[in-house]
1. By how many nm would the segment from R181 to V135 lengthen if fully extended, with 0.36 nm per residue of separation less the alpha-carbon distance?
2. How do the peptides 218-227, 34-43 rank, highest first, by the average count of neighbouring beta carbon atoms within 10 Å per residue?
3. Quick one: of the DSSP bridges fully inside the chain, what percent are antiparallel, nearest 5?
4. Which net charge results for the neighbourhood of G113, defined as the other residues with beta-carbon distances under 14 angstrom from its beta-carbon, given Lys and Arg at +1 and Asp and Glu at -1?
5. Using a Förster radius of 22 Å, what is the FRET efficiency between K48 and E13 based on their Cβ-Cβ separation? Nearest 0.05, please.
6. Specify the angular offset, from 0 to 90 degrees and rounded to the nearest 10, of the alpha carbon long axis of helix 112-124 from the longest principal axis of the alpha carbons in the chain.
7. May I have the pair-distance distribution P(r) for the stretch 11-245, computed from all Cα-Cα distances with 10 Å bins from 0 and rounded to whole percent?
8. Given labels modelled 7 Å from the Cα in the Cβ direction, how far is it in nm from I221 to R143?
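Only the coordinates and a few stated rules stand behind these numbers; no lab work does. The structure presented is a predicted model; accordingly, all values stated were derived computationally and were not measured. All Cβ positions, glycine included, derive from the backbone under ideal geometry; neighbour counts span all protein chains shown.
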Amino acid sequence: MGQKSKQFGSFRESVADIPDGSTIGFGGFAMPGVPFNLIKALMEQGAKRLTLVGNTTGGAQQPRMPDMGMLVENGQVAKVICAFTAATRPTDVLPFTKYYESGEVEAELVPQGTLAERMRSAGAGVPAFYTPTAVGTELAEGRETRVINGREYLLEYALKLDYAFIRARTADSFGNLRFHRAQRNFCPVMATAATCTIVEVDEPILPAGAIDPDDVHTSGIFVHRLIQVPAEPDGLWPTKRQERRR
């Protein structure tokens, strides 16, 4: 019996079985690496009480692309774990903010490097680690610390994901990935931290082994589902051509 294909025919099909209560990581740092099409498909699928993990809750720019904040607005989210719960400029107001301030959605603020390390640790099988980041701040109040070699460190736990939604430039049918520049932000660590990694791919998916091993950024052993982003507009966005113009 041959191996089951990792390639899916549609974004809707790739997220159809995601249950309520799932913890999902979303790749991306600003625009690069954000799985816009998978987010849109999850909005249509409608899973509820989700915990979302990402760098930010989304953007304030208009017109908006699909982002974590839209899932919050759609009533699908119970909690968000991210490095930025507010806009980086005081003139911007994130749509997420009113839901957090009203108590409709819980938010856990995690320093950016700590967030990445928590997911990397989950993928490496490391259950917890100590870091000096956030020691002496509100984020450390009531939490375990330890003095090591004369310096105080805060205990952080690995962050395991049920699903990771990421975007890559190139993939082969086994799931080996190459990212384009800033796509290599949270995407690699999320892939290793997730039980199921779903990838939207800019370029046509190549035969298994077509990517030189030295050029593989994430091994296919961490990838479970692949969907190619359509080259022409068909209601999904951004398309491959639109992504390249940015």
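1. Length difference between fully extended and current span is 13.3 nm.
2. Descending packing order for the listed peptides: 34-43, 218-227.
3. On the way: 11 of 40 bridges.
Here the antiparallel bridges make up roughly 30 percent for the chain.
4. 0
5. It comes out at approximately 0.65.
6. Taking Cα atoms only, the helix is inclined about 60 degrees.
7. Taking all Cα pairs of the stretch 11-245, the binned fractions are 8, 32, 36, 19, 6, 0 percent.
8. Modelled inter-label distance: 3.1 nm.
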